[in-house]
Amino acid sequence: MSSLSRHDKFLFHTDIHSIGFWHDLRLQYISGPVFNFFRNTLPKMSTTEKEALEAGSVWWDGDLFSGAPDWNKLIAIKLATLTTEEREFIEGPVNELCSMLDDWQITRQSKDLPESVWQFIKDNRLFGLIIPKTYGGLEYSALAHSAMVMKLASKSITAAVTVMVPNSLGPAKLIMEYGTQQQKDYYLPRLATGEEIPAFALTSPNAGSDASAMTDYGIICREQFNGKNTLGIRLNWEKRYITLGPVCTLLGLAFKLYDPQQLLSKHTKPGITIALVPTNLPGVTIGRRHYPLSQTFQNGPNSGKDVFIPIDWIIGGQEYAGKGWRMLMESLADGRSISLPALSTGAAKLASHAAGSYARIRKQFNRPIGDFGGISEALTRIAGNTYIMNAARNLTISSIDQGEKPSVVSAVVKYHMTEKMRQLVNDAMDIYGGAAICMGPRNILGRIYQAVPISITVEGANILTRSMIIFGQGAVRCHPYVFKEISSANNKNKADGLITFDKAFSAHVLHVIRSFFRTFVTAITDGRFCKTPSQHTGSVSKEYHYATKRYYQKLSRLSTAFALLSDFCMVTLGGKLKQMENISGRLADILSYHYLASAVLKHYHHEQAYEEDKGFMQWSCETLLYDSQQAFDGVLANLPNRTIATMLRLLIFPLGRPYKKPDDQLAHLLAQSMLSPSSTRNRLTSGIYTTNNLSDPLGRINDALTKVIYAEDAEKKLHQLIKSKQIRFNNGSKNTAPSFVEQMNMAHQQDLISGRELKAIYEAHVARNEVIKVDDFDQELN
């Protein structure tokens, strides 16, 4: 200050006082009244609600919610890769396990995995994928976990679920994250080797998706245990839908904890708690099974009557009494982020491989059915959606391997991956026709089709996930300012709360103003001046830049519009938005489509197959941009305040809705890529279990596809000979036309086709018939 002139000092102090004056004025007349309104009208945030909102982390979803995503940040995300050890394990023991699985025998006859398969899983520590090596586990990455589930799901849903559940939602994960050292030392080695079979008991009959409404309870008391007076918990519960429950030896039990005698603390209702309960304790009832849509993974109810456990059996010990809700939220994210997306992608890749091959093998009117427009349309959806799913799986898994716990993104991928699996498997069933609806060992799609609703329902039912979780949690958790404002309004110290609220609210207002003008400018220019990943810094190639530039710009435009629309919905609807699930569901769709599109662009960059996969990237982006636009339209058409809705429509779509579905030429390109082996098709379907074993349905498909393609020219030649009546038939006393085999033999005898051509046509004919053959049974269906 000593170097400043008197005039400069005067100006400096004047500026400081002006800032203070305007700050005080804002606090008194703007931020203060709004703060008081929020403080008086917002329901007090319970500890449970606060923990649920704080669970997990904000990642790329935060950028998408901000309205100004940093695309260089997306490109800089390092996608996870398998280690040599992980790759060898997948190509070795996991492949061997797949070869042991006969899904028809498992689901129809034994109603369980064979004992040899259970033992193989235990011996190879497949229940210990995530457990550290120091405790006897494999300590593999989330990507390896995902890759194994994906491969197993392409062979047997029952086997995939059996392996995936202990490695995502279960005692092992909770013990690793929160357990005491004693719990880790004792249980993790036993879980890794399969000596203990774990299950996680959450769902109660009258609670459903609302875990906070569970009626299962534990009361802290003192009882005799192993001959000693022990502080513990007397438990009573009734659970259902518990995977591995009927055979488990160790139950991770969620319940409400009560302490009426205040033996543990001054709190009489600590809240939701998770404890380890050996199932051999007196009062525990297990063993009965559910039968979920003909899938025979072990799943069933269990209950407990006055089961006593020591207080130290709470996961994490006494200090974690009442902290189960946050533990649940963060653990559920693994199932949503890793297991179900992997299972869905495995089913999608199998459907792509099988349906694409079948459309080339199966003929109608002497043409492969893949040549017909209706089949081609279904194949396009299968191929495009599989590409989107694989891209989203890879990006999400990479975030987890980098230490993120993306709770909102996990809900996005759980919902959209399982929904896309539903559409995709339906399309594959349509292509297969009658061969897909006749159950039996030859049917490659039937059990997957039956299993789809299971994935839709578990880990948070999809209706709930879309209408309440994705945007409901995202609006608070991912928005740059809303969570800060809510936390400030709930601050017990009103003065401190007002200061932090003023800072967040002022920034929020500026954010809305920027979004308002940015939305209109990007709308009339269709985002043409929005920044894209920098070509000049070397982060992307020139080829990639020109292929993707406009998609990045259009996504930036819609992201800005989404930020504005979200803020106006929250302001104009307030608490009613929670009940207006149609609107919150469409807002969730918009956020989801933007995430999926950014995953596609990231995947396209990572694969670096720019020319071969360009059509897949374009179809995916154009489809997702169109879907996002339709969701915007749905929100704007149904906002109760029609004046605000009209204003927003003029800002977001001043020139109308610009985005269209992909054209037929692009769609045809995708469909054609599915009809024969290629590097593009191999990349799309990589990671599933495939074989040339002719006793396996997929082995027969692979065999037939090779032979059919090889014989196509010879078959065309033969059909032309038949059509032009150049083959002389000697029917003798027969009154029927010669069979196809007789026709090819006559053509060869008359030197119209060569011996090589005859052999190719015959082998393709036999292989084709093996693929299109369906199972039949006796009157008792045996």
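The values are calculated or read from the model by the stated rules, or taken from the named source; none is laboratory data. Everything numeric here is computed off the predicted structure, so don't read it as measured data. Note: ideal-geometry Cβ built from the backbone for every residue, glycine included; neighbour counts use all protein chains shown. Surface areas here come from the heavy atoms of the whole protein model, side chains and all, with no ligands, DNA or RNA. Shrake-Rupley method; radii C 1.70, N 1.55, O 1.52, S 1.80 Å.
At pLDDT below 95, open to solvent by less than 40 Å² (accessible area, probe 1.4 Å), of a type outside the set (V, I, T) and closer than 18 Å to P33 by Cβ: which single residue out of A547, A504 fits that description?
Numbers: A547 fails: closer than 18 Å to P33 by Cβ.
On inspection, the qualifying residue turns out to be A504.
Determine if region 730-752 includes at least one residue that is in contact (Cβ under 8 Å) with a residue 24 or more places away in the chain and of a type in the set (D, E).
Scanning region 730-752 turns up no residue that is in contact (Cβ under 8 Å) with a residue 24 or more places away in the chain and of a type in the set (D, E).
Can we say M417 is in contact with a Pro (Cβ under 6 Å, 6 or more places away or on another chain), part of a helix (DSSP H, G or I) and open to solvent by less than 10 Å² (accessible area, probe 1.4 Å)?
yes
Regarding region 484-498, can at least one residue be identified that is open to solvent by 30 Å² or more (accessible area, probe 1.4 Å), basic (K, R) and either closer than 30 Å to S344 by Cα or assigned to a helix (DSSP H, G or I) (or both)?
Yes, there is a match, as at least one residue in region 484-498 is open to solvent by 30 Å² or more (accessible area, probe 1.4 Å), basic (K, R) and either closer than 30 Å to S344 by Cα or assigned to a helix (DSSP H, G or I) (or both).
In region 660-713, how many are in contact with a Ser or Thr (Cβ under 7 Å, 6 or more places away or on another chain) and either over 30 Å from R87 (Cα atoms) or free of Cβ contacts under 8 Å to residues at least 60 places away in the same chain (or both)?
7
Please enumerate the residues belonging to region 620-635 that are of a type outside the set (D, E) and either outside any helix (DSSP H, G or I) or buried (at least 18 other Cβ atoms within 10 Å of the Cβ) (or both). Before the answer, list the steps.
Keep residues of region 620-635 that are of a type outside the set (D, E), which gives 620-621, 623-626, 628-632, 634-635.
Answer for region 620-635, where residues must be of a type outside the set (D, E) and either outside any helix (DSSP H, G or I) or buried (at least 18 other Cβ atoms within 10 Å of the Cβ) (or both): S620, C621, T623, L624, L625, S628, Q629, A631, F632, V635.
Under 6 Å between Cβ atoms, which residue pairs at least 6 apart in sequence (or on different chains) link something in region 462-476 that is farther than 13 Å from S566 by Cα with a partner that is modelled with pLDDT under 90 and open to solvent by 30 Å² or more (accessible area, probe 1.4 Å)?
Final answer for the pair search is L464/S209.
Give region 690-719 a look and list any residue that's assigned to a helix (DSSP H, G or I) and open to solvent by 70 Å² or more (accessible area, probe 1.4 Å), or say none.
Across region 690-719, the qualifying residues are T706, Y710, D713, K716, K717.
Select from region 232-256 the residues that are open to solvent by 30 Å² or more (accessible area, probe 1.4 Å), of a type outside the set (D, E) and in contact with a strand residue (DSSP E or B) (Cβ under 6 Å, 6 or more places away or on another chain) and write down the one among them that is nearest to T162 (Cα to Cα). Explain how you work it out, then say what you get.
Applying the first criterion (open to solvent by 30 Å² or more (accessible area, probe 1.4 Å)) to region 232-256 yields 234, 238, 240-241, 247, 249, 256.
Add one more test, that the residue is of a type outside the set (D, E), and what stays is 234, 240-241, 247, 249, 256.
Checking which are in contact with a strand residue (DSSP E or B) (Cβ under 6 Å, 6 or more places away or on another chain) leaves us with 234, 240, 256.
Numbers: R234: 30, R240: 17, K256: 28 Å.
Among them, the one singled out is R240.
Report, ordered by the first and then the second residue, all pairs with beta carbons closer than 7 Å, sequence separation of six or more or different chains, a first member in region 434-457 that is without any contact (Cβ under 8 Å) to a residue 12 or more places away in the chain, and a second member that is buried (at least 20 other Cβ atoms within 10 Å of the Cβ).
Final answer for the pair search is G446/A436.
From V425, V476, which residue is assigned to a helix (DSSP H, G or I), open to solvent by less than 40 Å² (accessible area, probe 1.4 Å) and over 20 Å from L343 (Cα atoms)? Break it down stepwise before answering.
Numbers: V425 fails: over 20 Å from L343 (Cα atoms).
Of V425, V476, the one residue that is assigned to a helix (DSSP H, G or I), open to solvent by less than 40 Å² (accessible area, probe 1.4 Å) and over 20 Å from L343 (Cα atoms) is V476.
Before we move on, is L79 part of a loop (DSSP other than H, G, I, E, B) and either among the aliphatic types (A, V, I, L, M) or open to solvent by less than 50 Å² (accessible area, probe 1.4 Å) (or both)? Before you say what the answer is, go through the steps one by one.
Numbers: part of a loop (DSSP other than H, G, I, E, B): yes; either among the aliphatic types (A, V, I, L, M) or open to solvent by less than 50 Å² (accessible area, probe 1.4 Å) (or both): yes.
Against the criterion (part of a loop (DSSP other than H, G, I, E, B) and either among the aliphatic types (A, V, I, L, M) or open to solvent by less than 50 Å² (accessible area, probe 1.4 Å) (or both)), L79 qualifies.
Yes/no matrix, rows are residues, columns are (1) open to solvent by less than 10 Å² (accessible area, probe 1.4 Å); (2) part of a helix (DSSP H, G or I); (3) in contact (Cβ under 8 Å) with a residue 24 or more places away in the chain; (4) within 25 Å of V452 (Cβ to Cβ):
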{"position": "Y140", "(1), (2), (3), (4)": "no, no, yes, no"}
{"position": "A172", "(1), (2), (3), (4)": "yes, yes, yes, no"}
{"position": "I175", "(1), (2), (3), (4)": "yes, yes, yes, no"}
{"position": "K184", "(1), (2), (3), (4)": "no, yes, yes, no"}
{"position": "L188", "(1), (2), (3), (4)": "yes, yes, yes, no"}
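Could you say whether any residue in region 253-264 is more than 22 Å from W325 (Cβ to Cβ) and among the small types (G, A, S)?
The answer is no; no qualifying residue exists.
Out of G300, G356, G316, report the one residue that is crowded, with 20+ Cβ neighbours inside 10 Å and part of a helix (DSSP H, G or I). Before you say what the answer is, go through the steps one by one.
Numbers: G300 fails: part of a helix (DSSP H, G or I); G316 fails: part of a helix (DSSP H, G or I).
None of the other options fit; the residue is G356.
Name the residues in region 561-578 that are surrounded by 22 or more Cβ atoms within 10 Å (Cβ to Cβ) and under 15 Å from R649 (Cβ atoms), would you?
A561, F562, L564, L565, C569
When the residues of region 766-780 are narrowed to those that are in contact (Cβ under 8 Å) with a residue 40 or more places away in the chain and not charged (D, E, K, R), which ends up most open to solvent (accessible area, probe 1.4 Å)?
If we take residues in region 766-780 being in contact (Cβ under 8 Å) with a residue 40 or more places away in the chain and not charged (D, E, K, R), then F777 is most open to solvent (accessible area, probe 1.4 Å).
Just checking, how many residues over region 506-536 are of a type outside the set (A, V, I, L, M, F, W, C) and either in a helix (DSSP H, G or I) or over 33 Å from the mean Cα position of the chain (by Cα) (or both)?
At the first step, the residues of region 506-536 found to be of a type outside the set (A, V, I, L, M, F, W, C) are 506, 508, 511, 514-515, 518-519, 522, 525-528, 531-536.
In the following step, the residues that additionally are either in a helix (DSSP H, G or I) or over 33 Å from the mean Cα position of the chain (by Cα) (or both) were identified as 506, 508, 511, 514-515, 518-519, 522, 525, 536.
Summing the residues that are of a type outside the set (A, V, I, L, M, F, W, C) and either in a helix (DSSP H, G or I) or over 33 Å from the mean Cα position of the chain (by Cα) (or both) in region 506-536 gives 10.
Quick check on A342: is it at pLDDT 95 or above, touching a Leu at 6+ places or on another chain (Cβ under 6 Å), open to solvent by less than 20 Å² (accessible area, probe 1.4 Å) and part of a helix (DSSP H, G or I)? Give the derivation first.
Numbers: at pLDDT 95 or above: yes; touching a Leu at 6+ places or on another chain (Cβ under 6 Å): no; open to solvent by less than 20 Å² (accessible area, probe 1.4 Å): yes; part of a helix (DSSP H, G or I): yes.
For A342, the condition - at pLDDT 95 or above, touching a Leu at 6+ places or on another chain (Cβ under 6 Å), open to solvent by less than 20 Å² (accessible area, probe 1.4 Å) and part of a helix (DSSP H, G or I) - is not met.
Would you be able to tell me the number of residues in region 113-172 that are out of contact with any Gly (no Cβ under 7 Å at 6 or more places or on another chain), within 28 Å of P697 (Cα to Cα) and basic (K, R)?
1
Could you say whether any residue in region 193-212 is open to solvent by 40 Å² or more (accessible area, probe 1.4 Å), free of Cβ contacts under 8 Å to residues at least 12 places away in the same chain, of a type in the set (D, E, K, R) and not in a loop (DSSP other than H, G, I, E, B)?
So far as region 193-212 goes, no, none of its residues is open to solvent by 40 Å² or more (accessible area, probe 1.4 Å), free of Cβ contacts under 8 Å to residues at least 12 places away in the same chain, of a type in the set (D, E, K, R) and not in a loop (DSSP other than H, G, I, E, B).
Just give me the residues in region 116-133 being open to solvent by less than 10 Å² (accessible area, probe 1.4 Å) and either assigned to a loop (DSSP other than H, G, I, E, B) or free of Cβ contacts under 8 Å to residues at least 12 places away in the same chain (or both), in sequence order. Spell out the reasoning first.
From region 116-133, those open to solvent by less than 10 Å² (accessible area, probe 1.4 Å) are 117, 121, 126-129, 131; that's our starting set.
L129, I131, listed by residue number.
Name the pairs: first residue in region 543-572 and in contact (Cβ under 8 Å) with a residue 60 or more places away in the chain and in a helix (DSSP H, G or I), second residue open to solvent by 20 Å² or more (accessible area, probe 1.4 Å) and of a type in the set (G, A, S), Cβ to Cβ under 9 Å, at least 6 apart or on different chains?
S556/A68; S559/S66; S559/A68; T560/A68; A563/S66; A563/A68
Among the residues of region 754-766, is there at least one that is more than 26 Å from T345 (Cα to Cα) and over 49 Å from the mean Cα position of the chain (by Cα)? So that I can check it myself, show each step before the final result.
Initial filter on region 754-766 (more than 26 Å from T345 (Cα to Cα)): 754-766.
Subsequent filtering for residues that are over 49 Å from the mean Cα position of the chain (by Cα) retains 754-755.
Checked region 754-766: at least one residue is more than 26 Å from T345 (Cα to Cα) and over 49 Å from the mean Cα position of the chain (by Cα).
Quick check on Q423: is it modelled with pLDDT of 95 or more and among the polar types (S, T, N, Q)? Break it down into steps so the answer makes sense when it comes.
Details: modelled with pLDDT of 95 or more: yes; among the polar types (S, T, N, Q): yes.
When the stated conditions are applied, Q423 passes them.
Would you confirm whether any residue within region 605-614 is assigned to a helix (DSSP H, G or I) and of a type in the set (A, V, I, L, M, F, W, C)? Give the derivation first.
Restricting attention to region 605-614, the residues satisfying the condition of being assigned to a helix (DSSP H, G or I) are 605-607, 614.
Narrowing further to those that are of a type in the set (A, V, I, L, M, F, W, C): none.
Taking every residue of region 605-614 in turn, none turns out to be assigned to a helix (DSSP H, G or I) and of a type in the set (A, V, I, L, M, F, W, C).
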